[in-house]
Amino acid sequence: MKLAAILLLTLFALPPKTVHDFKITSIDGDKVDLNKFRGKKILIVNTASKCGFTPQYAELEQLWKQYKDKLVIIGFPANNFGGQEPGANSDIKEFCQQNYGVSFLMSEKVSVKGEDTDELFKYLTTANNPDFTGEIKWNFEKFLIDENGKLIHRFRSAVKPLSPELTKYL
């Protein structure tokens, strides 16, 4: 009887309504419930260590330090574009800390495009927002989430983390 109930709940599970409905795994393997960030904005960025946009890690770190009382930054390493994130989680963490002093939250390596796209990124690329929807085109695209877990703005890779185009919403 319990198995039947679990199967029914699984079949009829409601789709996520906000980013706060998701749980992720950190680069260290810890489970993180995004609901714990309710009341703060969240900037989600798909990252890579061997990309022309990789120096944005420095600005992401600076942005996080400047706004950490009201902003959470989460980097999601992904190897979907040009094989620019080939390393394991431990390699990525070491690279980010040694080269950019990254101390903001980093996820385990995920896929942000294709058949194996992480569920959070499936949600983010289809969620309503005033900018655009659809597949991620390259590394370092940014998704700004409001205090209630709703996507409020999406930025392409060329938009730098400290640009007025992004910071005006913080």
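Computed quantities for the displayed model
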| read-out | value |
| --- | --- |
| Residue in region 129-137 that is within 15 Å of the chain's Cα centre (by Cα) and surrounded by fewer than 19 Cβ atoms within 10 Å (Cβ to Cβ) present | yes |
| Candidate set: region 1-37, residues that are modelled with pLDDT of 70 or more, of a type in the set (A, V, I, L, M, F, W, C) and outside any strand (DSSP E or B); chosen: the one farthest from Gly149 (Cα to Cα) | Ile27 |
| Selected residue (criterion: surrounded by the most Cβ atoms within 10 Å (Cβ to Cβ)) from residues of region 83-110 that are under 13 Å from Thr25 (Cα atoms) and among the polar types (S, T, N, Q) | Ser107 |
| Region 139-170 - residue that is among the charged types (D, E, K, R) and closer than 24 Å to Asn79 by Cβ and, of those, farthest from the chain's Cα centre (by Cα) | Lys160 |
| Residue satisfying all of: in region 96-113; in a helix (DSSP H, G or I) and closer than 29 Å to Pro164 by Cβ; nearest to the chain's Cα centre (by Cα) among these | Cys96 |
| Region 54-91: number of residues that are farther than 16 Å from Ile44 by Cβ, among the aliphatic types (A, V, I, L, M) and not in a loop (DSSP other than H, G, I, E, B) | 1 |
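The values are calculated or read from the model by the stated rules, or taken from the named source; none is laboratory data. Bear in mind that the values here come from a model prediction, so they are computed numbers and not experimental data. Glycine gets a Cβ as well: all are built from the backbone with ideal geometry, and neighbour counts include every protein chain shown.
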